[in-house]
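Remarks on the structure that follows.
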Number of protein chains: 2
Amino acid sequence: MTGRNPELQSSLFLRSLAGEVTSIPPVWLMRQAGRYLPEYRETRKKAKTFLDLCYTPELAIEVTLQPIRRFGFDASIMFSDILVVPDALGQKVWFVEGEGPKLEPLKDETDLAKLSVDRVLAHLDPVFQTIRGLKQSLPASTPLIGFCGAPHTVATYMIGGGSGTQSEIIRRSYEAPGFVRKVIDQATEASIRYLKRQIDEGVDAIQLFESWASAVPPALVEDHIIAPLRRIVTALKAYAPQMPILAFPRTMASEVVRATAQLPVSAISIETGLSLSEARKQVGQKQALQGNLDPLLMVTGGDAIDRAVDAARATMQGHPYILNLGHGITPDASIASVERLLKSVRG
Amino acid sequence: MTGRNPELQSSLFLRSLAGEVTSIPPVWLMRQAGRYLPEYRETRKKAKTFLDLCYTPELAIEVTLQPIRRFGFDASIMFSDILVVPDALGQKVWFVEGEGPKLEPLKDETDLAKLSVDRVLAHLDPVFQTIRGLKQSLPASTPLIGFCGAPHTVATYMIGGGSGTQSEIIRRSYEAPGFVRKVIDQATEASIRYLKRQIDEGVDAIQLFESWASAVPPALVEDHIIAPLRRIVTALKAYAPQMPILAFPRTMASEVVRATAQLPVSAISIETGLSLSEARKQVGQKQALQGNLDPLLMVTGGDAIDRAVDAARATMQGHPYILNLGHGITPDASIASVERLLKSVRG
């Protein structure tokens with residue numbers, strides 16, 4: 001774990017995560033290093049596959065830095081993907097242009113037994129090189145966020161085999177809860193090792209992406225979402241008590257947000273469909289909220305952006321707040337909209 | 001409006017809608033007349049297109065009755081589709097097997113001006129014939145539910161052109177709110193006329209399906225969902241004060257459920273992702289809740305069904321409750337699962 005320099009500690013982002021109400025909220029965007037940027041599309045061409053881009057430190061560092069250079073966001077997030085974990089465990093993972101990720105789905109415990117948590121850290125060495133490189137090249141005042149997918153979300157892909165199959169893990173959970181629990185456990189264990197190592201390499205905060213939280217019926221929320229997150233957060237807090245953790249339960253269900261907020265996390269990221277006023281009722285007074293502007297606003301642009309920013313800030317008055325979107329920025333977003341967003345926040 | 005016979009009034013379904021806590025909850029399933037039934041698939045072959053099935057009273061009556069004959073559900077719902085309203089307005093609507101509905105999307109006010117609310121009732125005459133036929137052929141104790149799509153959901157299809165395009169109406173609402181408002185108004189006006197006429201023909205309750213509620217960001221909920229529903233409910237309450245109305249805001253957002261429950265509706269139908277305990281906090285003491293078993297349980301079967309039924313009934317103890325799924329039953333559901341569900345409820 002690298003020493004924490006004063007410039008970083010006084011950054012808007014880390015102050016918000018420490019529970020401080022800043023006069024201007026820090027801003028960063030999920031997927032800020034992405035296809036809406038022409039410089040990203042240029043760099044993307046240098047890697048054969050999307051996973052190659054994630055695993056080539058020079059390129060991953062470059063795309064991480066691009067939105068920082070262009071927009072001066074208040075936080076950077078290492079360029080990677082949540083599916084490097086199943087890939088590192090030994091599952092076949094590939095990306096089809098325009099269709100998203102594909103995995104050879106785990107059908108049973110025999111398939112699961114072929115994976116090994118012991119190969120994860122060696123396989124992910126390029127990610128750790130990326131983190132080290134970023135710590136050298138990021139502006140001294142720009143915090144670096146490490147991340148991984150939350151276990152239910154990662155297991156959704158491991159069992160379902162791709163996007164659009166979020167219900168498969170639920171179906172299997174009704175039919176074969178033992179198998180599903182083992183897959184979630186495997187993802188959890190791999191994530192703990194992966195995140196501890198990200199902390200060793202110097203990330204300044206960790207975000208846990210539970211992107212498919214909304215697919216989990218209430219009766220399974222504790223087993224699929226909360227218990228695995230608790231295991232991760234507890235392990236990280238024991239390992240690095242000061243490390244801020246952001247959890248992103250992507251769901252409109254207030255009670256899932258509330259249950260997540262009962263874990264010792266510094267911030268909860270809120271999806272677009274849940275209002276910030278409702279979200280605020282679910283979290284502690286010192287727990288920052290992050291979110292939740294509609295990513296569509298980055299496509300449509302105009303003064304709707306200013307209105308959304310003003311409304312969010314008015315709602316979050318007096319509460320630690322990080323301005324972000326409710327989900328990743330989309331490839332059809334415009335640079336002018338991002339610029340307008342930043343101008344609207346920073347004046 | 002037909003006279004209300006005592007057998008109907010003492011049905012579990014209408015008693016629950018009147019705010020009574022029944023010792024056994026009434027049960028019906030959204031899409032209970034559907035592809036999971038072999039007799040439905042047989043009848044389906046007799047109609048060239050899906051809309052033909054909706055518009056041929058003899059066939060629509062037959063498929064409505066099939067699940068009542070087989071399972072003795074506590075309520076029937078007229079077989080139709082929410083997209084008969086845009087079809088009746090004059091928009092081109094068709095169904096592609098395995099892909100769902102398609103519409104020639106409204107691009108602007110010129111497209112909208114080609115539609116006319118004055119042709120709606122004549123066009124939908126076959127639906128009214130279906131209702132009359134059902135009132136003759138349903139068991140005297142089985143209430144008939146009429147329905148339509150809520151305006152935002154119908155407008156989602158009118159502007160987006162099909163499934164998988166729920167964000168188009170939101171995007172247009174940021175860019176051209178006036179146009180979107182007019183489309184929603186058109187759907188609202190057509191729905192009011194359509195539902196009044198359903199009441200004239202003898203339906204015993206009305207359900208409003210806001211199937212795409214979850215796609216509406218908080219800032220647009222009042223304009224897209226609540227205000228149009230208020231207009232419909234107010235018009236129907238003035239027209240037929242005793243007519244029970246069920247609203248189905250398909251969303252996990254507690255505050256959307258709460259806002260819907262503030263309208264004078266008799267019941268709120270709850271989707272699978274929102275827990276009944278959380279839902280119960282959002283509604284009035286006399287307002288029935290309906291839902292919200294996971295439709296996947298009708299595919300996976302087994303004793304998970306009994307556990308889900310027991311949990312739902314335990315949570316709903318002391319509150320008027322209608323047992324249903326959180327969304328429509330799917331084509332891959334098994335008849336044995338539906339039988340088990342009914343046995344689990346009725347003993």
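If you go through the stretch B:16-33 and keep only what is open to solvent by 70 Å² or more (accessible area, probe 1.4 Å) and either β-branched (Val, Ile, Thr) or assigned to a helix (DSSP H, G or I) (or both), you end up with just B:21.
Checked against (1) under 21 Å from residue B:177 (Cα atoms); (2) part of a helix (DSSP H, G or I); (3) not hydroxyl-bearing (Ser, Thr, Tyr), residue A:345 meets all criteria but (1).
Of all residues in the stretch B:202-217, those satisfying the criterion of being in contact with a strand residue (DSSP E or B) (Cβ under 8 Å, 6 or more places away or on another chain) and either at pLDDT below 95 or outside any strand (DSSP E or B) (or both) are B:202, B:203, B:204, B:211, B:213, B:214.
A count restricted to the stretch A:317-342 and to residues that are among the polar types (S, T, N, Q), in a loop (DSSP other than H, G, I, E, B) and over 21 Å from the mean Cα position of the chain (by Cα) stands at 2.
Checking A:227, A:190 one by one, the residue that is out of contact with any strand residue (DSSP E or B) (no Cβ under 7 Å at 6 or more places or on another chain), without any contact (Cβ under 8 Å) to a residue 24 or more places away in the chain and part of a helix (DSSP H, G or I) is A:227 and no other. If you check A:159, A:169, A:145, A:131 for being out of contact with any Pro (no Cβ under 7 Å at 6 or more places or on another chain) and either more than 20 Å from residue A:236 (Cβ to Cβ) or among the basic types (Lys, Arg) (or both), only one passes: A:169. If only residues of the stretch B:162-184 that are at pLDDT below 95 and within 21 Å of the chain's Cα centre (by Cα) are counted, the one that is farthest from the other protein chains (Cβ to nearest Cβ) is B:162. Here's a check for you: in the stretch B:1-15, which residue that is over 24 Å from residue B:339 (Cα atoms) and of a type outside the set (S, T, N, Q) is least open to solvent (accessible area, probe 1.4 Å)? Across the stretch B:1-15, the extreme among qualifying residues is B:3. Every condition in (1) open to solvent by less than 60 Å² (accessible area, probe 1.4 Å); (2) closer than 14 Å to residue A:138 by Cβ is met by residue A:69 except one, and the failing one is (1). Selection of the stretch B:302-322 for residues being hydrophobic (A, V, I, L, M, F, W, C), open to solvent by 20 Å² or more (accessible area, probe 1.4 Å) and more than 8 Å from chain A (Cβ to nearest Cβ) yields only B:314. Can you confirm whether residue B:98 is open to solvent by 60 Å² or more (accessible area, probe 1.4 Å) and without any contact (Cβ under 8 Å) to a residue 60 or more places away in the chain? Yes; evaluated as a whole, the condition is true for this residue.
Screening residue B:325 on (1) away from chain A (no Cβ under 14 Å); (2) crowded, with 18+ Cβ neighbours inside 10 Å shows it passes everything except condition (1). Quick check on my filter: what residues within the stretch B:81-103 are part of a strand (DSSP E or B) and within 18 Å of the chain's Cα centre (by Cα)? Within the stretch B:81-103, B:100, B:101 meet the criteria. Taken over the stretch A:54-80, the criterion of being of a type in the set (A, V, I, L, M, F, W, C) and in a loop (DSSP other than H, G, I, E, B) is satisfied by A:73, A:75, A:78, A:79. On the given criteria, is residue B:199 buried (at least 19 other Cβ atoms within 10 Å of the Cβ) and over 29 Å from residue B:66 (Cα atoms)? Considered against the rule, which asks whether it is buried (at least 19 other Cβ atoms within 10 Å of the Cβ) and over 29 Å from residue B:66 (Cα atoms), residue B:199 comes out as no. Mind checking whether some residue in the stretch B:14-34 is at pLDDT below 95, farther than 21 Å from residue B:329 by Cβ and under 22 Å from the mean Cα position of the chain (by Cα)? No, the stretch B:14-34 contains no residue that is at pLDDT below 95, farther than 21 Å from residue B:329 by Cβ and under 22 Å from the mean Cα position of the chain (by Cα).
The values are calculated or read from the model by the stated rules, or taken from the named source; none is laboratory data. Quantities reported herein were computed from a predicted structural model and do not represent experimental measurements. Positions of Cβ are generated from backbone atoms using ideal geometry, with glycine treated the same way; all protein chains shown enter the neighbour counts. Note: accessible area is taken over every heavy atom of the protein model, side chains too, but ligands, DNA and RNA are not part of it. Shrake-Rupley method; radii C 1.70, N 1.55, O 1.52, S 1.80 Å.
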